[in-house]
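The structure appears below as structure tokens.
FYI, it's all coordinate maths here, none of it is from the lab. Values in this document were obtained by computation on a predicted structure and should not be read as measured data. Cβ placement follows ideal geometry from the backbone for every residue including glycine, while neighbour counts extend to all protein chains displayed.
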Amino acid sequence: METLHHIVVVGGGAGGLELVTSLGDKLGRKQKARISLVDAGLTHVWKPLLHEVASGSLDANANEINYRAHARKHHYEFQLGRMSGLDRANKHIIIAPFRDEDGQEVVPERRLQYDTLVIAVGSTANDFGTPGAQEHCLFLDSLKQARRFHNLMLNAFLRKNHEALQGQPHTLNISIIGAGATGVELAAELRLASRELPIYGMNHLKSSDVSISVIEAADRILPALPGRLSSAATRELERQKVQVLTGQPVSEVRNDRLIMKDGTELPSEMTIWAAGIKAPPFLAELDGLETNRGNQLIVEQTLRTTKDPDIFAFGDCAACPQPDSDRPVPPRAQAAHQQADTLFKTLCHRLEGKEAVPFVYNDHGSLINFSKYTTVGNLMGNLSGRSMYIEGKVARLFYVSLYRMHQVALHGFLRTGVIWLMDKISRAMHPRLKLH
Ligand SMILES: Cc1cc2nc3c(=O)[nH]c(=O)nc-3n(C[C@H](O)[C@H](O)[C@H](O)COP(=O)(O)OP(=O)(O)OC[C@H]3O[C@@H](n4cnc5c(N)ncnc54)[C@H](O)[C@@H]3O)c2cc1C
């Protein structure tokens, strides 16, 4: 019996899950290829929602997708496990032993054969080796970390509320290192959390007792975005009583303070690292595949790795060149979404012996959401290539539409419509903030 061509996608994130869904629907359903997804976790939550999970303004359970259930519906296979290596000669990926929460081995190291391999394992925060960062910072790379942050924040609020009741000093200093989109949006979410908590019983703690600082090494916040957006965002943060410190590289993180490069100190009991990204280190030792300094797999414009025609990579873990630019495609959900589309076409072509499709990134603009307060952004004109500044409700609509597009890719239009309706009802019925 002829065996089916096996496409293995590693990483079911913003890009990988969209890709296996369309491959499963098109090729898996008709038995034209066998499609497998390998992910280190059992469920998917769209990463750009993590700062809302951290602050409690979004209930992750309602936005979580179980890979096994999704795989069944969309005709692909799911394997739980963390890829740790590659054997290109035998076309095997190596999956590390799976251990339970107590460290007991549940499944030993395994191998999975592939005909075509796609690596989409995303990225994690890059602390650039800053002393103390790993020990004292919180990170927002996974749902587990976002939930941990949320619990720590609630406990900190409780502690400070109690200290206020006792008449003791009770300022809570929260610092966010890195004023890219994640850091700026997280600051606004935290300010909302600090404003609404007293409603739920913490009557002795005022919003002004929660000091929130955003620290950026560059000379302005949102350094990768146009200056006008950066100025609008600075004004909005200041309006929300968030301290904005620019041109201030952090040289050390301690448990209760930050030490700046110029020697000044900033008290900080909760520190979140949101500056820079790097791809997972195991990619740098992947059987001779080419990587850059940030561990990203170097790919051609077709998203094919430079050293192996059967291996593709995309999303945050890949450095994909852009025509007319010396910078690779930026690590964004928007880019992963578009790359999943292109790779879907390429992989269908591949089964028919046709050419790969080159990827061209279409930057639709950038939007920064300040929780329920406002949204600012710039939209790119497709023809003119010029950007248009937008803010308020219109900008918020475009911001939300990025997530809705991801949901459409995973569930189709009809189900996304139903999910949208259920979200509306849930928001009307439940408190704005998750309190446990
Ligand atoms: C808090 C936050 C807010 C953001 N906001 C925005 C935004 O507003 N707009 C925007 O465009 N971008 C935003 N981003 C960036 C965006 O989330 C990423 O660019 C996008 O998720 C990248 O998609 P990906 O598929 O490459 O990786 P991811 O979505 O990170 O998915 C990677 C997947 O790989 C799995 N994995 C990792 N290692 C392994 C392994 N060894 N074996 C098996 N599985 C593995 C992970 O479990 C995960 O499911 C934000 C990021 C963060 C952290």
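Summary of computed values
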{"quantity": "Gain in span if fully extended, Glu238 to Leu165, counting 0.36 nm per residue against the direct Cα distance", "calculated": "23.4 nm"}
{"quantity": "Stretch gain in nm, segment Lys73-Glu300, where the contour uses 0.36 nm per residue and the Cα spacing is subtracted", "calculated": "78.5 nm"}
{"quantity": "Neighbour-count ranking [beta-carbon atoms within 10 angstrom, fewest first] of Glu252, Glu355", "calculated": "Glu355, Glu252"}
{"quantity": "Nearest-0.05 FRET efficiency for Thr3 and Val107, computed from C-beta distance (R0 35 Å)", "calculated": "0.90"}
{"quantity": "Assigned charges on the beta-carbon of Lys, Arg, Asp, Glu; the chain dipole about Cα centre (debye)", "calculated": "1360 debye"}
{"quantity": "Antiparallel DSSP beta bridges within region 1-128, as percent of all bridges there, nearest 5", "calculated": "50 percent"}
{"quantity": "Under 10 Å, Cβ to Cβ, from Glu77 - net charge with Lys/Arg +1 and Asp/Glu -1", "calculated": "+3"}
{"quantity": "Pairwise FRET efficiency - Lys354 versus Asp324, Cβ, R0 = 30 Å, nearest 0.05", "calculated": "0.70"}
{"quantity": "Chain lengthening between Val418 and Glu265 when straightened (0.36 nm per residue, less Cα-Cα)", "calculated": "50.1 nm"}
{"quantity": "For Arg34, distant residues with modelled amide H under 5 Å away", "calculated": "His5, His6, Ile7"}
{"quantity": "Table column - 3J(HN,Hα) (Hz), region 104-117, Karplus curve with 6.51, -1.76, 1.60, x for Gly and Pro", "calculated": "6, 6, 9, 10, x, 4, 10, 10, 10, 7, 9, 9, 10, 10"}
{"quantity": "Computed [θ] at 222 nm, deg cm²/dmol, the chain (DSSP H ≥ 4; -39,500 (n - 2.57); rounded to nearest 500)", "calculated": "-9500 deg cm²/dmol"}
{"quantity": "About the Cα centre, charge dipole magnitude for region 1-84 (Lys/Arg +1, Asp/Glu -1 at Cβ), debye", "calculated": "380 debye"}
{"quantity": "Zone residues, region 203-231, relative to Phe128, backbone N less than 18 Å from point 7 Å out along Cα-to-Cβ", "calculated": "214-225"}
{"quantity": "Order of Lys241, Lys424, Lys26 under a 10 Å beta carbon neighbour criterion, fewest first", "calculated": "Lys424, Lys241, Lys26"}
{"quantity": "Tilt relative to the chain, helix 413-429 - C-alpha long axis, 0 to 90 degrees, to 10", "calculated": "20 degrees"}
{"quantity": "C-alpha long axis of helix 333-351 to longest principal axis of the chain, angle in °", "calculated": "10 degrees"}
{"quantity": "Cα gyration tensor category, rounded, prolate or oblate, for region 2-102 with a/c compared to 1.5", "calculated": "oblate"}
{"quantity": "Considering only the chain, percent of DSSP beta bridges that pair antiparallel, nearest 5", "calculated": "50 percent"}
{"quantity": "Amide H contacts of Lys307 (H built 1.01 Å from N, under 5 Å, at least 5 apart or other chain)", "calculated": "Glu290"}
{"quantity": "Computed over the chain: relative contact order in percent, which uses C-alpha pairs under 8 Å that are six or more apart", "calculated": "16 percent"}
{"quantity": "Sorted by Cβ neighbour density within 10 Å, fewest at the top, the residues Asp316, Asp363, Asp39", "calculated": "Asp363, Asp39, Asp316"}
